[in-house]
Structures are given as C-alpha cells and as structure tokens.
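Shown next, in structure tokens, is the structure this report addresses.
The values are calculated or read from the model by the stated rules, or taken from the named source; none is laboratory data. Being a predicted model, the structure only gives us computed values, none of them experimental. Cβ: placed from backbone, ideal geometry, glycine included. Neighbour counts: every protein chain shown.
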Amino acid sequence: MSAPLHVTTLGEAMVVMDPLSRGPLRQVNTYEKNLGGAELNVAVGLARLGHRAGWAGRLGDDEFGREILAFMRGEEVDVSGASLDPEAPTGLYFKEWRALGQLRVHYYRAGSAASRMRFEQLDLEYLLSGGVLHLTGITPALSESCHDLIERLISAANERDVTVSFDLNVRWTLFEGRDPQEILAPLAARADLLFLSDDEAELLFGGSDPDSITDARRSIRAETVVVHGAEGAFAVGESGVSEKAAYPVEVVDTVGAGDAFVAGFLSGRLRGWSAGESLDLGNACGACAVTVPGDLKGLPTLEEALALMRGRPGVER
C-alpha cells in the first residue's frame, strides 16, 4: 500500500449474469457478464468518489477470480488483502426479470471460495488499518465459518476503536429457514454506523420511522443509524434526526443502489460533512446507480454526483 487506506471492507465478490431479455431463465438465451457483490460495490463506489479503499476476500483460483481482481485494480481499489482458493470456485449469480418488472436473483455461491473463509486466514492488521471497516450482513449468512469470522472481526475492531460500518443487507435466500434477526441483530448492535432499508429496520427494531429508530438506538452501540429507501433517507444520531428526499430519476436497475448510497454517505462522513450533507450525497449516488444496468456500472464519480445535487446533471461541455 502506497498510502493509508480510508476504508477497508471484506466480503464475497461475484460474477453477475444480467439477462438481455425478460422472462424465465429457461427462456433467456443471452446474458451480459458483469461483476458485483455488496462490499465490492461499496469499495468501487468509494474509489470513484476519490477515497483510498481496500477490499479483502477470497476468490476462486479461476478465470472469474482473476477477472475480479484485475477489475478492482483498474478501479484503484487496493486488493492486497485478497486471496485465491485453488479448491473452490468464485461465486456466481443470475438475475431474472419476470412479468410486471419483478426481479428475481438466483445464487450459485454455496461452497464458493468466499463461503470457506475463516478468521484465522485474515490479515487483521490490513483490515483494521483504515479509519472505517465496512461489513454487511451477507457475509455471516454464507456459512458458520463466515459468521464466526465477522463476529470476531467486529470484536477486534471494537477493541481497537476502529469505526465499524455495518449494512444489514438481508438476503433471505441465504438463510435457508434460519432467522435473520437472530443471526444479524447481535452483530448490528456492535456497529458504530448502521445502515438499514425500511424493511430491515422493521425486521430489526419493529419500526422504520425516526421515533422508532431513536428509541432503538438507546440499546445499541451505533452513534448513527441510517435508514434509506426509494423515497429518501434519514439518519439518527447524537445531534438528532436529519432527513433528505431522494432524487427523481428514471430507474433502469435497482440492484446495487443501496451499496451506492452507502458509499456516498461514507464519503460525506470521511470529508467531515454533516449527516444531512452525507445523506444528500448518498441519495445522489444511489440515484446515479439505478439509471444504468448492472450492479456497479452506474456508480458515479464525485463530479457526477455533485452535478445531480446541484441540479445540472448531463453532458458537461
């Protein structure tokens, strides 16, 4: 690493197969191969916004794994904490667009290299070297060893006073009958900065309004809890409640919008902006992301996000 990292993150990066037509998978013949993964998206989003971000994780020692590493290096994301597993594949998932615009996701990540990660394999010094460690609720759902890894990693970060950013990011299909609240609530309670969708706030705290989050925050560690959705976002912290409305844009693909929002909010925080200003940047990044197909192709640069915030997006001449 040539310079200290601002944010480190760990999780599963995958190949994403985006269908080029709508309908059941069995009737779709052509796909576009892209890349994705919540933590990868956040790292790339932060890099495009001008921050030094590092991603750690385990990929298959295969063509997809090497493609992901090459892509992240091209995006100026530090991957010196990543490793390749010669005995397990890189994860993969297919999107499926059904009638009425319904999106379904089909995962092929059971037994993937990421699902075999263990705490003992981590470069702890690397992961705790940034000002912020960003994690999600996806990784602990992958396997027992991944759950143990995240639990111990959060403990280590808490002990060293490294800010833990945690996006609940519930993926129901990964839990296979297990209770997400039972698994994720103890982890979320130890985060310093907690991100939730409206539905996730309901799951975790029984309410998604500012009053419910204000009450819930008294029983957890988080200095700030952020709830975001299609209509906008709010943050609850020591200074009270800040709210910002979403930017109206033409939506093409919503996958990755939450990760773009998180990257934007973290960017604002790293710049020393207020909660309201950080929410505004998060909303702008999320709005940019949904206007382009693919999980991360629409992640904006700072200039693109600021142009939307200033009311003059489009071609700069």
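Of the residues making up segment 283-303, those that are touching a residue at least 60 places away in the same chain (Cβ under 8 Å) and either farther than 12 Å from N41 by Cβ or over 16 Å from the mean Cα position of the chain (by Cα) (or both) number 4.
Please determine whether any residue of segment 202-215 is under 17 Å from E39 (Cα atoms), buried (at least 16 other Cβ atoms within 10 Å of the Cβ) and among the β-branched types (V, I, T).
Just the residues of segment 202-215 that are under 17 Å from E39 (Cα atoms), to begin with: none.
Scanning segment 202-215 turns up no residue that is under 17 Å from E39 (Cα atoms), buried (at least 16 other Cβ atoms within 10 Å of the Cβ) and among the β-branched types (V, I, T).
The residue list A3, A43, A47 contains one member that is over 22 Å from K297 (Cβ atoms), touching a residue at least 12 places away in the same chain (Cβ under 8 Å) and not in a strand (DSSP E or B), which is A3.
Of all helices (runs of 4 or more DSSP H) completely enclosed by segment 114-199, which ones contain at least 2 residues that are buried (at least 23 other Cβ atoms within 10 Å of the Cβ)?
Numbers: elements: 124-127, 139-142, 144-159, 180-188.
Where helices (runs of 4 or more DSSP H) fall fully within segment 114-199 and carry at least 2 residues being buried (at least 23 other Cβ atoms within 10 Å of the Cβ), they are 139-142, 144-159, 180-188.
Do we find a residue being modelled with pLDDT of 95 or more, part of a helix (DSSP H, G or I) and in contact with a Phe, Trp or Tyr (Cβ under 6 Å, 6 or more places away or on another chain) anywhere in segment 219-234? No, segment 219-234 contains no residue that is modelled with pLDDT of 95 or more, part of a helix (DSSP H, G or I) and in contact with a Phe, Trp or Tyr (Cβ under 6 Å, 6 or more places away or on another chain).
V262 meets the conditions (1) out of contact with any Asp or Glu (no Cβ under 7 Å at 6 or more places or on another chain); (2) surrounded by 21 or more Cβ atoms within 10 Å (Cβ to Cβ); (3) within 13 Å of N41 (Cβ to Cβ) in every case but one. The failed one is (1). Among the residues of segment 66-80 satisfying the criterion of being more than 18 Å from the chain's Cα centre (by Cα) and touching a residue at least 24 places away in the same chain (Cβ under 8 Å), which is farthest from G111 (Cα to Cα)? By that ranking, first place goes to S80. Annotation: of all residues in segment 240-255 being in contact with a Leu (Cβ under 8 Å, 6 or more places away or on another chain) and modelled with pLDDT under 90, the one that is nearest to V290 (Cα to Cα) is T254.
The residue that is surrounded by the fewest Cβ atoms within 10 Å (Cβ to Cβ), counting only those in segment 100-113 that are modelled with pLDDT under 95 and hydrophobic (A, V, I, L, M, F, W, C), is L100.
Specify which of the listed residues (R66, R22) is more than 17 Å from T139 (Cβ to Cβ), charged (D, E, K, R) and part of a loop (DSSP other than H, G, I, E, B). It would help to see each step written out before you state the result.
On the way: R66 fails: part of a loop (DSSP other than H, G, I, E, B).
One residue alone meets the criteria, R22.
Each residue in segment 207-223 was checked for being acidic (D, E) and touching a residue at least 12 places away in the same chain (Cβ under 8 Å), and 1 pass. If you go through segment 235-274 and keep only what is in a helix (DSSP H, G or I), farther than 30 Å from F94 by Cβ and either in contact (Cβ under 8 Å) with a residue 60 or more places away in the chain or of a type in the set (K, R) (or both), you end up with S267, R269, L270.
Taking the stated definitions as given, is R73 over 18 Å from M117 (Cβ atoms) and in contact with a His (Cβ under 8 Å, 6 or more places away or on another chain)?
Working: over 18 Å from M117 (Cβ atoms): yes; in contact with a His (Cβ under 8 Å, 6 or more places away or on another chain): no.
So R73 fails the test.
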